[in-house]
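Worksheet: the structure to be examined is printed underneath.
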Amino acid sequence: MEAFLQQGYDDFRTFINPWVAARAEFSGEPFHMVSTRNGCLVDADDRVYRDFLAGWGTQLFGHRPAAIEQALRAYLDGTTPSFYTSGVSPYAGQLGKRLHDRTGYDAAYFASGGAEAVEAAMKLARAAIGRPRIAYVEGAYHGCTYGSVAMMHHGPYRDSFGPHLPQVDVLPFNDLAALDTVLADPHLAAIVVEPIQVESGVRMHSEHYLQRLCKGTATQGPLLIADEIQTGLGRTGQFLRSETWPRQPDVITLAKALGGGLIPLSAMLTRRDIFDRAYGNFALAEAHASTFSGNALACVAGLATLEQLNDTVVASVRNKGELFRERLQQAVGSSPLVSAIHGSGLLWGIELQAPDHPYFSFDYLGLPELSGQPAIGLMVMHQLYKAGYLTQVCGHAWHVLRLQPPLTTSDAELAAFAQALAHALDTLWKLQ
(Lines give C-alpha, C1' and ligand atoms only; values in the text may rest on other atoms or scores of the structure.)
Protein backbone atom coordinates (compact mmCIF):
# COMPACT_ATOMS: atom_id res chain seq x y z
CA MET A 1 0.00 0.00 0.00
CA GLU A 2 2.81 2.45 0.82
CA ALA A 3 4.31 1.91 -2.65
CA PHE A 4 0.90 2.56 -4.21
CA LEU A 5 0.50 5.78 -2.23
CA GLN A 6 4.00 6.98 -3.12
CA GLN A 7 3.26 6.45 -6.80
CA GLY A 8 -0.01 8.29 -6.31
CA TYR A 9 1.77 11.29 -4.80
CA ASP A 10 4.10 11.38 -7.80
CA ASP A 11 1.18 11.04 -10.20
CA PHE A 12 -0.63 13.89 -8.45
CA ARG A 13 2.30 16.15 -9.24
CA THR A 14 2.23 15.09 -12.91
CA PHE A 15 -1.46 14.75 -13.67
CA ILE A 16 -3.35 16.86 -11.12
CA ASN A 17 -1.64 20.01 -9.83
CA PRO A 18 2.14 20.39 -9.66
CA TRP A 19 1.84 23.75 -7.88
CA VAL A 20 -0.05 22.29 -4.94
CA ALA A 21 2.64 19.64 -4.60
CA ALA A 22 5.39 22.25 -4.87
CA ARG A 23 3.73 24.42 -2.23
CA ALA A 24 3.55 21.53 0.21
CA GLU A 25 7.18 20.62 -0.42
CA PHE A 26 8.35 24.22 -0.05
CA SER A 27 6.58 24.68 3.29
CA GLY A 28 7.84 21.35 4.57
CA GLU A 29 4.28 20.18 5.09
CA PRO A 30 4.17 16.45 5.89
CA PHE A 31 1.82 15.14 3.22
CA HIS A 32 3.08 11.59 2.65
CA MET A 33 0.44 10.12 4.95
CA VAL A 34 -0.04 6.36 4.82
CA SER A 35 -2.55 5.55 7.58
CA THR A 36 -4.69 6.84 10.42
CA ARG A 37 -4.51 6.01 14.12
CA ASN A 38 -7.01 7.11 16.76
CA GLY A 39 -8.27 9.86 14.46
CA CYS A 40 -4.75 11.16 13.71
CA LEU A 41 -2.66 10.95 10.53
CA VAL A 42 0.44 8.77 10.33
CA ASP A 43 3.29 9.16 7.83
CA ALA A 44 5.62 6.59 6.28
CA ASP A 45 8.05 6.96 9.21
CA ASP A 46 5.23 6.09 11.64
CA ARG A 47 5.10 9.64 12.96
CA VAL A 48 1.70 10.73 14.25
CA TYR A 49 0.23 14.14 13.41
CA ARG A 50 -2.72 15.75 15.15
CA ASP A 51 -4.81 17.63 12.63
CA PHE A 52 -5.72 20.98 14.23
CA LEU A 53 -7.27 21.98 10.93
CA ALA A 54 -9.61 18.94 11.06
CA GLY A 55 -9.13 18.38 7.33
CA TRP A 56 -10.34 21.92 6.48
CA GLY A 57 -13.27 21.30 8.82
CA THR A 58 -14.34 17.99 7.28
CA GLN A 59 -13.01 15.68 10.02
CA LEU A 60 -15.38 16.58 12.83
CA PHE A 61 -14.59 13.41 14.79
CA GLY A 62 -11.02 12.89 13.55
CA HIS A 63 -9.87 10.97 10.50
CA ARG A 64 -11.86 7.85 9.61
CA PRO A 65 -14.27 7.83 12.58
CA ALA A 66 -15.27 4.28 13.40
CA ALA A 67 -19.00 4.94 13.83
CA ILE A 68 -19.31 6.51 10.37
CA GLU A 69 -17.27 3.72 8.77
CA GLN A 70 -19.45 1.08 10.43
CA ALA A 71 -22.64 2.71 9.14
CA LEU A 72 -21.26 2.81 5.60
CA ARG A 73 -20.08 -0.81 5.77
CA ALA A 74 -23.46 -1.94 7.05
CA TYR A 75 -25.16 -0.18 4.15
CA LEU A 76 -22.75 -1.64 1.57
CA ASP A 77 -23.28 -5.12 2.99
CA GLY A 78 -26.98 -4.78 2.11
CA THR A 79 -28.75 -4.67 -1.24
CA THR A 80 -30.88 -1.51 -1.19
CA PRO A 81 -30.28 0.90 -4.10
CA SER A 82 -27.90 3.82 -3.78
CA PHE A 83 -29.37 5.70 -6.73
CA TYR A 84 -33.09 6.27 -7.19
CA THR A 85 -33.95 7.07 -10.80
CA SER A 86 -37.26 8.66 -9.77
CA GLY A 87 -35.37 11.09 -7.60
CA VAL A 88 -37.37 9.91 -4.58
CA SER A 89 -34.69 8.71 -2.18
CA PRO A 90 -35.84 7.32 1.19
CA TYR A 91 -32.36 7.99 2.55
CA ALA A 92 -32.62 11.67 1.59
CA GLY A 93 -36.05 11.73 3.22
CA GLN A 94 -34.66 10.35 6.47
CA LEU A 95 -31.76 12.81 6.46
CA GLY A 96 -34.10 15.73 5.72
CA LYS A 97 -36.30 14.69 8.65
CA ARG A 98 -33.32 14.38 10.98
CA LEU A 99 -32.07 17.86 9.99
CA HIS A 100 -35.56 19.26 10.50
CA ASP A 101 -35.61 17.81 14.00
CA ARG A 102 -32.32 19.54 14.81
CA THR A 103 -32.88 22.88 13.08
CA GLY A 104 -36.59 23.46 12.40
CA TYR A 105 -36.10 23.82 8.63
CA ASP A 106 -38.60 21.67 6.73
CA ALA A 107 -37.21 21.81 3.19
CA ALA A 108 -33.80 20.41 2.23
CA TYR A 109 -31.76 20.09 -0.93
CA PHE A 110 -28.66 17.89 -0.94
CA ALA A 111 -25.50 18.12 -3.04
CA SER A 112 -21.84 17.20 -2.66
CA GLY A 113 -19.84 20.37 -1.95
CA GLY A 114 -20.43 23.57 -0.06
CA ALA A 115 -20.31 25.76 -3.15
CA GLU A 116 -23.15 23.71 -4.65
CA ALA A 117 -25.28 24.44 -1.59
CA VAL A 118 -24.49 28.15 -1.92
CA GLU A 119 -25.43 28.09 -5.61
CA ALA A 120 -28.73 26.45 -4.68
CA ALA A 121 -29.38 29.18 -2.13
CA MET A 122 -28.65 31.94 -4.65
CA LYS A 123 -31.03 30.45 -7.21
CA LEU A 124 -33.69 29.88 -4.56
CA ALA A 125 -33.52 33.52 -3.50
CA ARG A 126 -33.92 34.96 -6.97
CA ALA A 127 -36.77 32.60 -7.84
CA ALA A 128 -38.65 32.83 -4.55
CA ILE A 129 -38.36 36.59 -4.08
CA GLY A 130 -38.57 37.51 -7.76
CA ARG A 131 -35.74 40.04 -7.54
CA PRO A 132 -32.25 39.93 -9.08
CA ARG A 133 -29.83 41.50 -6.60
CA ILE A 134 -27.80 39.54 -4.06
CA ALA A 135 -25.54 41.18 -1.47
CA TYR A 136 -22.66 39.63 0.44
CA VAL A 137 -20.14 40.88 2.99
CA GLU A 138 -16.59 41.96 2.16
CA GLY A 139 -14.07 39.32 3.22
CA ALA A 140 -16.33 36.40 2.30
CA TYR A 141 -15.48 32.92 1.12
CA HIS A 142 -18.54 31.09 -0.21
CA GLY A 143 -16.90 28.74 -2.72
CA CYS A 144 -15.18 28.65 -6.08
CA THR A 145 -18.00 27.85 -8.52
CA TYR A 146 -19.13 30.62 -10.83
CA GLY A 147 -21.98 32.00 -8.75
CA SER A 148 -20.25 31.62 -5.40
CA VAL A 149 -16.99 33.13 -6.64
CA ALA A 150 -18.93 36.30 -7.45
CA MET A 151 -19.23 36.65 -3.65
CA MET A 152 -15.53 35.99 -3.06
CA HIS A 153 -13.21 38.47 -1.38
CA HIS A 154 -10.93 40.22 -3.88
CA GLY A 155 -7.65 38.46 -4.51
CA PRO A 156 -6.36 35.35 -6.30
CA TYR A 157 -9.50 33.30 -5.66
CA ARG A 158 -11.62 35.90 -7.49
CA ASP A 159 -9.72 38.38 -9.59
CA SER A 160 -8.82 36.22 -12.62
CA PHE A 161 -12.33 34.96 -13.27
CA GLY A 162 -14.36 38.03 -14.21
CA PRO A 163 -16.68 39.25 -15.43
CA HIS A 164 -18.59 37.87 -12.48
CA LEU A 165 -22.26 37.13 -12.07
CA PRO A 166 -24.10 40.47 -12.41
CA GLN A 167 -26.07 42.14 -9.64
CA VAL A 168 -24.04 40.44 -6.92
CA ASP A 169 -22.67 43.26 -4.79
CA VAL A 170 -20.37 43.58 -1.79
CA LEU A 171 -21.16 45.23 1.55
CA PRO A 172 -18.36 46.62 3.73
CA PHE A 173 -17.79 44.54 6.84
CA ASN A 174 -19.83 45.69 9.87
CA ASP A 175 -20.96 48.86 8.05
CA LEU A 176 -24.45 49.71 9.32
CA ALA A 177 -25.02 52.58 6.91
CA ALA A 178 -24.22 50.42 3.88
CA LEU A 179 -26.48 47.70 5.25
CA ASP A 180 -29.38 50.14 5.62
CA THR A 181 -28.85 51.35 2.05
CA VAL A 182 -28.95 47.88 0.51
CA LEU A 183 -31.95 46.83 2.61
CA ALA A 184 -33.88 49.74 1.11
CA ASP A 185 -33.21 48.53 -2.45
CA PRO A 186 -36.45 47.13 -3.95
CA HIS A 187 -34.38 44.85 -6.20
CA LEU A 188 -32.67 43.00 -3.34
CA ALA A 189 -33.39 39.25 -3.22
CA ALA A 190 -31.02 38.17 -0.44
CA ILE A 191 -28.09 38.97 1.81
CA VAL A 192 -25.58 36.12 2.24
CA VAL A 193 -23.56 36.14 5.48
CA GLU A 194 -21.06 33.84 7.16
CA PRO A 195 -21.73 33.87 10.92
CA ILE A 196 -17.95 33.97 11.40
CA GLN A 197 -15.68 34.92 8.50
CA VAL A 198 -13.10 32.19 8.85
CA GLU A 199 -10.95 32.90 5.79
CA SER A 200 -10.72 36.60 6.64
CA GLY A 201 -9.18 35.90 10.02
CA VAL A 202 -11.93 34.25 12.11
CA ARG A 203 -13.62 37.62 12.49
CA MET A 204 -17.11 38.20 13.83
CA HIS A 205 -19.88 40.63 13.05
CA SER A 206 -20.87 43.02 15.79
CA GLU A 207 -24.07 42.42 17.74
CA HIS A 208 -25.48 45.70 16.40
CA TYR A 209 -24.82 44.57 12.83
CA LEU A 210 -26.54 41.22 13.35
CA GLN A 211 -29.53 42.88 14.99
CA ARG A 212 -29.95 45.30 12.08
CA LEU A 213 -29.41 42.51 9.55
CA CYS A 214 -32.03 40.27 11.11
CA LYS A 215 -34.61 42.98 11.64
CA GLY A 216 -34.12 44.54 8.21
CA THR A 217 -34.43 41.30 6.26
CA ALA A 218 -37.48 40.29 8.30
CA THR A 219 -39.38 43.50 7.61
CA GLN A 220 -38.20 44.47 4.13
CA GLY A 221 -38.45 41.21 2.24
CA PRO A 222 -35.06 39.89 1.13
CA LEU A 223 -33.99 36.46 2.33
CA LEU A 224 -31.35 36.16 5.02
CA ILE A 225 -28.95 33.36 4.01
CA ALA A 226 -26.45 32.08 6.58
CA ASP A 227 -23.50 30.20 5.13
CA GLU A 228 -22.83 27.76 7.99
CA ILE A 229 -20.45 25.57 6.01
CA GLN A 230 -17.54 26.41 8.31
CA THR A 231 -19.43 27.32 11.48
CA GLY A 232 -22.27 24.81 11.65
CA LEU A 233 -22.50 21.24 12.98
CA GLY A 234 -21.32 22.06 16.49
CA ARG A 235 -18.07 23.77 15.55
CA THR A 236 -18.69 26.90 17.65
CA GLY A 237 -20.57 25.25 20.51
CA GLN A 238 -24.05 25.43 18.99
CA PHE A 239 -25.45 23.07 16.39
CA LEU A 240 -25.72 26.18 14.19
CA ARG A 241 -23.88 29.39 14.95
CA SER A 242 -26.91 31.35 13.71
CA GLU A 243 -28.85 29.98 16.71
CA THR A 244 -27.33 32.95 18.57
CA TRP A 245 -28.83 35.49 16.11
CA PRO A 246 -31.94 37.58 16.89
CA ARG A 247 -33.92 35.51 14.38
CA GLN A 248 -33.55 32.30 12.42
CA PRO A 249 -32.14 32.83 8.90
CA ASP A 250 -34.44 32.01 6.01
CA VAL A 251 -31.85 29.72 4.44
CA ILE A 252 -28.71 28.01 5.70
CA THR A 253 -26.02 26.00 3.96
CA LEU A 254 -24.10 23.08 5.47
CA ALA A 255 -21.28 20.92 4.11
CA LYS A 256 -17.75 19.76 5.03
CA ALA A 257 -18.30 17.52 8.08
CA LEU A 258 -21.91 16.62 7.20
CA GLY A 259 -20.67 13.45 5.47
CA GLY A 260 -18.63 12.40 8.47
CA GLY A 261 -15.35 13.23 6.77
CA LEU A 262 -15.75 10.19 4.49
CA ILE A 263 -18.39 11.05 1.88
CA PRO A 264 -18.90 14.46 0.19
CA LEU A 265 -22.25 15.86 1.30
CA SER A 266 -23.78 19.33 1.51
CA ALA A 267 -27.23 20.71 2.22
CA MET A 268 -29.30 23.81 1.67
CA LEU A 269 -32.04 24.12 4.28
CA THR A 270 -35.00 26.48 4.15
CA ARG A 271 -38.69 26.71 4.99
CA ARG A 272 -41.27 24.90 2.89
CA ASP A 273 -43.12 28.12 2.01
CA ILE A 274 -39.94 29.66 0.58
CA PHE A 275 -39.03 26.50 -1.32
CA ASP A 276 -42.53 26.25 -2.81
CA ARG A 277 -42.43 29.86 -3.99
CA ALA A 278 -39.47 28.88 -6.17
CA TYR A 279 -40.20 25.27 -7.12
CA GLY A 280 -43.80 24.59 -6.08
CA ASN A 281 -45.32 22.98 -9.19
CA PHE A 282 -44.73 19.95 -11.42
CA ALA A 283 -42.89 21.88 -14.14
CA LEU A 284 -40.40 23.41 -11.69
CA ALA A 285 -40.01 20.46 -9.33
CA GLU A 286 -36.50 19.68 -10.61
CA ALA A 287 -35.57 23.07 -12.03
CA HIS A 288 -32.60 22.91 -9.70
CA ALA A 289 -31.14 19.43 -9.57
CA SER A 290 -27.95 17.41 -9.21
CA THR A 291 -27.61 13.83 -10.42
CA PHE A 292 -26.28 12.43 -7.16
CA SER A 293 -28.39 14.61 -4.87
CA GLY A 294 -29.66 12.49 -2.00
CA ASN A 295 -27.76 9.35 -3.00
CA ALA A 296 -28.01 6.69 -0.33
CA LEU A 297 -24.31 6.37 0.53
CA ALA A 298 -23.90 10.08 1.25
CA CYS A 299 -27.13 10.22 3.26
CA VAL A 300 -26.12 7.19 5.33
CA ALA A 301 -22.94 9.06 6.23
CA GLY A 302 -24.99 12.15 7.08
CA LEU A 303 -27.37 10.20 9.29
CA ALA A 304 -24.47 8.57 11.13
CA THR A 305 -22.81 11.96 11.60
CA LEU A 306 -25.93 13.46 13.16
CA GLU A 307 -26.25 10.41 15.39
CA GLN A 308 -22.75 11.07 16.74
CA LEU A 309 -23.27 14.83 16.97
CA ASN A 310 -25.69 14.74 19.86
CA ASP A 311 -26.52 17.57 22.26
CA THR A 312 -23.96 16.32 24.79
CA VAL A 313 -21.16 16.56 22.22
CA VAL A 314 -22.23 20.04 21.13
CA ALA A 315 -22.37 21.22 24.76
CA SER A 316 -18.90 19.79 25.36
CA VAL A 317 -17.56 22.00 22.56
CA ARG A 318 -18.60 25.09 24.51
CA ASN A 319 -16.65 23.87 27.53
CA LYS A 320 -13.65 22.82 25.48
CA GLY A 321 -13.70 26.17 23.70
CA GLU A 322 -13.51 28.10 26.94
CA LEU A 323 -10.66 25.90 28.16
CA PHE A 324 -8.83 26.28 24.83
CA ARG A 325 -9.18 30.06 24.97
CA GLU A 326 -7.73 30.10 28.47
CA ARG A 327 -4.83 27.82 27.56
CA LEU A 328 -4.02 29.85 24.45
CA GLN A 329 -4.18 33.10 26.38
CA GLN A 330 -1.90 31.74 29.10
CA ALA A 331 0.59 30.23 26.67
CA VAL A 332 0.85 32.83 23.89
CA GLY A 333 -1.29 35.84 24.87
CA SER A 334 1.78 37.81 25.97
CA SER A 335 3.97 36.73 23.04
CA PRO A 336 5.38 39.69 21.06
CA LEU A 337 4.36 37.79 17.91
CA VAL A 338 0.65 37.62 18.87
CA SER A 339 -1.64 40.62 18.50
CA ALA A 340 -5.03 39.00 19.18
CA ILE A 341 -6.81 35.72 19.90
CA HIS A 342 -10.43 35.43 18.80
CA GLY A 343 -12.98 32.75 18.07
CA SER A 344 -15.62 30.53 19.62
CA GLY A 345 -15.98 26.87 20.55
CA LEU A 346 -13.30 24.97 18.65
CA LEU A 347 -12.77 27.60 15.96
CA TRP A 348 -10.00 30.10 16.75
CA GLY A 349 -7.74 32.57 15.01
CA ILE A 350 -4.33 33.58 16.35
CA GLU A 351 -3.50 36.97 14.85
CA LEU A 352 0.24 37.25 14.34
CA GLN A 353 2.55 40.25 13.90
CA ALA A 354 6.03 39.81 12.49
CA PRO A 355 9.09 41.76 13.67
CA ASP A 356 10.65 44.20 11.24
CA HIS A 357 13.33 41.74 10.20
CA PRO A 358 14.11 40.27 6.75
CA TYR A 359 13.86 36.69 8.08
CA PHE A 360 10.08 37.19 8.29
CA SER A 361 9.53 37.92 4.58
CA PHE A 362 8.88 35.86 1.48
CA ASP A 363 11.70 37.74 -0.27
CA TYR A 364 14.15 36.25 2.22
CA LEU A 365 12.51 32.83 1.80
CA GLY A 366 13.06 32.95 -1.96
CA LEU A 367 9.49 33.74 -3.07
CA PRO A 368 9.51 37.40 -4.17
CA GLU A 369 6.22 36.87 -6.04
CA LEU A 370 4.58 36.63 -2.60
CA SER A 371 6.26 39.74 -1.21
CA GLY A 372 2.89 41.40 -0.56
CA GLN A 373 1.82 38.62 1.79
CA PRO A 374 2.91 38.12 5.42
CA ALA A 375 5.16 35.07 5.85
CA ILE A 376 4.92 34.65 9.60
CA GLY A 377 1.82 32.46 9.53
CA LEU A 378 3.48 29.89 7.28
CA MET A 379 6.62 30.03 9.40
CA VAL A 380 4.57 29.16 12.50
CA MET A 381 2.90 26.33 10.60
CA HIS A 382 6.34 24.95 9.69
CA GLN A 383 7.42 24.96 13.33
CA LEU A 384 4.23 23.18 14.34
CA TYR A 385 4.83 20.46 11.74
CA LYS A 386 7.99 19.60 13.65
CA ALA A 387 5.93 19.22 16.81
CA GLY A 388 3.44 16.90 15.10
CA TYR A 389 0.60 19.36 14.44
CA LEU A 390 -1.10 20.30 11.17
CA THR A 391 -2.50 23.83 11.02
CA GLN A 392 -3.16 26.44 8.32
CA VAL A 393 -3.44 30.18 7.84
CA CYS A 394 -6.68 31.86 6.81
CA GLY A 395 -7.11 32.06 3.04
CA HIS A 396 -7.63 35.84 2.92
CA ALA A 397 -5.49 36.66 5.96
CA TRP A 398 -2.16 34.85 5.96
CA HIS A 399 -1.15 36.52 9.23
CA VAL A 400 -3.89 34.66 11.13
CA LEU A 401 -3.28 31.07 12.21
CA ARG A 402 -6.53 29.12 11.92
CA LEU A 403 -7.28 26.46 14.53
CA GLN A 404 -10.23 24.05 14.34
CA PRO A 405 -9.34 20.74 15.97
CA PRO A 406 -11.76 17.78 15.89
CA LEU A 407 -14.59 18.01 18.39
CA THR A 408 -13.26 14.85 20.02
CA THR A 409 -9.95 16.50 20.99
CA SER A 410 -9.34 16.04 24.72
CA ASP A 411 -8.67 18.85 27.18
CA ALA A 412 -5.13 17.54 27.63
CA GLU A 413 -4.52 17.62 23.87
CA LEU A 414 -5.77 21.21 23.65
CA ALA A 415 -3.43 22.23 26.47
CA ALA A 416 -0.50 20.40 24.84
CA PHE A 417 -1.10 22.22 21.57
CA ALA A 418 -1.08 25.59 23.32
CA GLN A 419 2.35 24.77 24.74
CA ALA A 420 3.60 23.60 21.34
CA LEU A 421 2.42 26.87 19.81
CA ALA A 422 4.22 28.81 22.53
CA HIS A 423 7.43 26.93 21.76
CA ALA A 424 7.03 27.58 18.02
CA LEU A 425 6.57 31.31 18.57
CA ASP A 426 9.51 31.48 20.98
CA THR A 427 11.73 29.72 18.41
CA LEU A 428 10.79 32.24 15.72
CA TRP A 429 11.24 35.22 18.02
CA LYS A 430 14.81 34.15 18.68
CA LEU A 431 15.62 34.28 14.94
CA GLN A 432 16.10 38.05 15.09
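With respect to the conditions (1) within 30 Å of HIS382 (Cα to Cα); (2) of a type outside the set (Asp, Glu); (3) in contact with a Lys or Arg (Cβ under 8 Å, 6 or more places away or on another chain), GLY55 falls short on a single one, namely (3).
One line per residue, one yes/no per condition, for (1) farther than 26 Å from THR408 by Cα; (2) modelled with pLDDT of 95 or more:
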site: GLY201; (1), (2): no, yes
site: LEU210; (1), (2): yes, yes
site: GLN220; (1), (2): yes, no
site: ARG235; (1), (2): no, yes
site: ARG247; (1), (2): yes, yes
site: ASP250; (1), (2): yes, yes
site: ALA255; (1), (2): no, yes
site: LEU265; (1), (2): no, yes
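When SER339, SER316, SER334, SER293 are checked against the criterion of being in a loop (DSSP other than H, G, I, E, B) and more than 15 Å from TYR109 (Cα to Cα), SER334 stands alone in meeting it. From the list TYR75, TYR91, TYR109, the one residue that fits, being over 25 Å from LEU407 (Cα atoms), touching a His at 6+ places or on another chain (Cβ under 9 Å) and outside any loop (DSSP other than H, G, I, E, B), is TYR109. Just one of the listed residues (GLY237, GLY216) is touching a helix residue (DSSP H, G or I) at 6+ places or on another chain (Cβ under 7 Å), surrounded by fewer than 24 Cβ atoms within 10 Å (Cβ to Cβ) and either part of a strand (DSSP E or B) or on the phi > 0 side of the Ramachandran plot (or both), namely GLY237. Of the conditions (1) of a type in the set (D, E, K, R); (2) more than 27 Å from LEU407 (Cα to Cα); (3) surrounded by 13 or more Cβ atoms within 10 Å (Cβ to Cβ), GLU25 clears all except one; give me its number. Here GLU25 clears every test but (3). Just one of the listed residues (ARG277, ARG318, ARG272) is touching a Gly at 6+ places or on another chain (Cβ under 6 Å), of a type in the set (Lys, Arg) and more than 28 Å from ARG73 (Cα to Cα), namely ARG318. Summed over region 247-286, residues that are surrounded by fewer than 17 Cβ atoms within 10 Å (Cβ to Cβ) and part of a helix (DSSP H, G or I) total 7. Residues in region 361-400 that are free of Cβ contacts under 8 Å to residues at least 40 places away in the same chain, within 19 Å of TRP429 (Cα to Cα) and assigned to a helix (DSSP H, G or I): 2 in all.
Against the conditions (1) within 30 Å of VAL313 (Cβ to Cβ); (2) surrounded by 14 or more Cβ atoms within 10 Å (Cβ to Cβ), where does LEU188 fall short? Just the number, please. Status for LEU188: all satisfied but (1).
Output the residues belonging to region 314-339 that are among the small types (Gly, Ala, Ser) and within 17 Å of VAL380 (Cβ to Cβ).
ALA331, GLY333, SER334, SER335, SER339, listed by residue number.
Checking each residue of region 193-207 against the condition of being over 30 Å from LEU352 (Cα atoms) and over 21 Å from the mean Cα position of the chain (by Cα) gives no match.
The values are calculated or read from the model by the stated rules, or taken from the named source; none is laboratory data. Because the structure is predicted, anything quoted here is derived from the model rather than measured. Cβ sites come from the backbone with ideal geometry, for glycine too, and all protein chains shown count toward neighbours.
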